[in-house]
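Computed from the coordinates by the stated procedures, all read-outs in this text should not be read as laboratory data. Since the model is a prediction, treat every value here as computed from it, not as a measurement. Every residue, glycine among them, receives a Cβ derived from its backbone with ideal geometry; neighbour counts consider all protein chains shown.
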């Protein structure tokens with residue numbers, strides 16, 4: 001009986017040590033990339049997109065060989081454009097965003113990710129270009145300071161820690177109190193582990 005018990009403990013210990021060796025190490029790094037941002041006023045249609053960028057830091061902690069949690073702190077240029085016959089209105093919104101993502105690695109280099117995000121609006125600017133400089137103007141619309149939503153994405157990460165990713169942010173909070181506009185952002189990122 002003692003021999004069977006010791007054999008089982010030895011086998012389990014050996015299996016655990018093999019599993020622990022396979023588990024990737026946690027890492028941190030920097031990332032930056034290109035944004036295509038818009039807002040949805042009715043949940044179905046979107047405005048024209050504002051082009052911008054994002055940059056920040058991430059930390060990735062592996063829970064197992066195929067599962068990781070990643071937290072990020074990102075500066076992100078968002079907003080939207082509205083075009084009509086009289087000109088172009090551009091809403092520039094800058095956020096500090098904190099996504100928390102669950103990442104699934106079906107293999108060592110390819111991943112899928114999803115998770116919530118909260119954001120703090122740190123700057124905004126409105127521009128109206130009437131296509132004739134005498135009538136160009138600037139008007140302020142105060143956005144809500146707090147934003148939240150969910151992210152969905154995928155990407156590829158090399159063994160050396162360089163990653164390429166694409167992510168879609170589906171905003172759930174209202175950018176303004178009137179009209180219930182919500183952020184919609186495509187992000188294309190390049191990341192590097194420290």
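Observations, loosely collected:
- Relative protection proxy for 167-179, 90-102, from highest mean packing down: 90-102, 167-179 (other beta-carbon atoms within 10 angstrom).
- Whole-number percent relative contact order across the stretch 26-193, with pairs defined as alpha carbons under 8 Å at least 6 apart: 23 percent
- The stretch 19-79 versus the stretch 148-188: alpha-carbon centroid distance in Å: 6 Å
- For the stretch 23-94: rounded, prolate or oblate by the Cα gyration tensor [a/c cutoff 1.5]: prolate
- The stretch 26-68: projected area of the alpha-carbon convex hull, averaged over directions, in nm²: 4.8 nm²
- Ranked list, fewest to most other Cβ atoms within 10 Å of each Cβ, for 154, 25: 25, 154
- Here the stretch 26-193 is treated as a sphere whose radius is the Kirkwood value from Cα pairs; by Stokes-Einstein at 10 °C and 1.306 mPa s it diffuses with a coefficient of 95 µm²/s.
- When 157, 31 are arranged by Cβ crowding within 10 Å, least crowded first, meaning fewest neighbours, the order is 31, 157.
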